[in-house]
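Below is one structure, written out as structure tokens; the observations come after it.
Each value in this text was obtained by applying a stated rule to the coordinates, not by laboratory testing. Keep in mind that this is a model prediction, so the values were computed, not measured. For neighbour counting, all protein chains shown are included, and Cβ atoms are generated from backbone atoms with ideal geometry for every residue, glycine included.
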Amino acid sequence: MSIEVVAVPDFSVEQQQSPSAPAQQNVVEKVNLLGMSRPQMEKFFEDLGEKKFRAGQVMKWIHQFFVTDFAEMTNISGKLREKLEKIAEVKAPEVVHRNYSKDGTRKWVFRVGDGEGSLVETVLIPAEDKTGARKTLCISSQVGCALDCSFCSTGKQGFQRDLNQAEIIGQLWMANFSYMEEVPVAERERSVTNVVMMGMGEPLLNYDAVLNSMRIMLDDFAYGMSKRRVTLSTSGVVPKIDQLAQDIDVALAISLHAPNDELRNELVPINKKYPLEQLISACQRYITKDGNESSRKHVTIEYVMLDGVNDHPEHAQQMIKLLKNLPSKINLIPFNPFPHAPYGRSSRNRIISFQKTLSDAGFVCTIRQTRGDDIDAACGQLVGQVADRTRRAEQWKKKIAAQGEIIRSRG
């Protein structure tokens, strides 16, 4: 499958052709309904002269029964179905690679545009918790990433473009459909329980498309997900965190990775623009917005553990001081090495010691279980192998090699 998102045709004005112009075939570009939020879908049907409630009907067929053929949408009149066949379509991104790990992790690489480099990744991680079976989907928001965090494989591939709504929500659609392909339409159900906007790209730098996609996730006519089960992860785009608080109620996660500005400037370069004091203040504002405690009781802090870089006891103490006035849960993430990475993974003992220090200080602190290593499930790993769209990775590898030569010569 390939994806194409175009503007809704204007049916109020007839197309006119100049008598002197050569005859051309009148081809109507089809509108992809997959990424439309309910207000957008309602306007689409109103522009067709239809009632707004058709939007809810079609959204249920698309997102709850995973139907892409309008002929199967049996509670819609035959006349409307014929019209939709001519002007609209339901298309998810093209799957160019899929792999299912022995531990249950599933991974897809999608092509979202022309050329071999227009690729993004999506990872589904199953787990058991107190609520039962949980399937968490990690969704990408951009092709590549412009932030270039020093430990991230995706950042070394450069930035190509933002994803549109159909390309974002299409990842969730495909993950659900992967469990339902052989199930009769009437028996299909949504399998993904949690979504994290934590894949390739910085979601707050693709704000409108990400916001509308999350609205589809929460919509009862679509996926009907709890706002506590939809999480947006950001490296710290402070103004957009404040805007997000105004626009939607979802869980917030911060890619922190360093407890002081000097180290974070190195690991997460956007910190130079929005340093830690500003970032923590924005998180505090996000939690206290309108006194809403439904899903904003805390912020999740993500902290990748880099051997000898950010895993010392003094870093744990700095974390305690930094987060003392921010209700938060801390998720320690063992680093997933990738080719030519300048970092190694902290030892298990070092990670456990770091966790104990934070737990003893009263923080809820967990260690993320490493999953999907056999299918390169860490963000950006597989796409980095499939397509390097820029010379950034090549230049970066040369830089690492040069640093190694300097160290050897000094030795």
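Observations on the model:
- Pairwise label distance in nanometres, residue 177 with residue 128, each label 7 Å out on the Cα-Cβ vector: 3.2 nm
- Per-residue HN-Hα couplings for the range 222-234 [Karplus 6.51, -1.76, 1.60; θ = phi - 60°; Hz; x = Gly/Pro]: 10, 9, x, 7, 5, 5, 7, 10, 10, 10, 9, 10, 10
- FRET efficiency, residue 265 to residue 189 (Cβ-Cβ, R0 56 Å, nearest 0.05): 0.75
- Per-residue extension of 0.36 nm, minus the Cα-Cα distance of residue 40 and residue 82, leaves a gain of 13.0 nm for this segment.
- Shown is the FRET efficiency for residue 324 and residue 366, computed with R0 = 22 Å from the Cβ-Cβ distance and rounded to the nearest 0.05: 0.70.
- One decimal place: the segment residue 356-residue 71 gains 96.8 nm when fully extended, by the rule 0.36 nm per residue minus the C-alpha distance.
- Global geometry of the range 31-89, whether rounded, prolate or oblate, following the gyration tensor of its Cα atoms and the 1.5 cut on a/c: rounded
- Gyration tensor verdict on the range 68-151 (Cα atoms; rounded if a/c is under 1.5, prolate if a/b is larger than b/c, oblate otherwise): oblate
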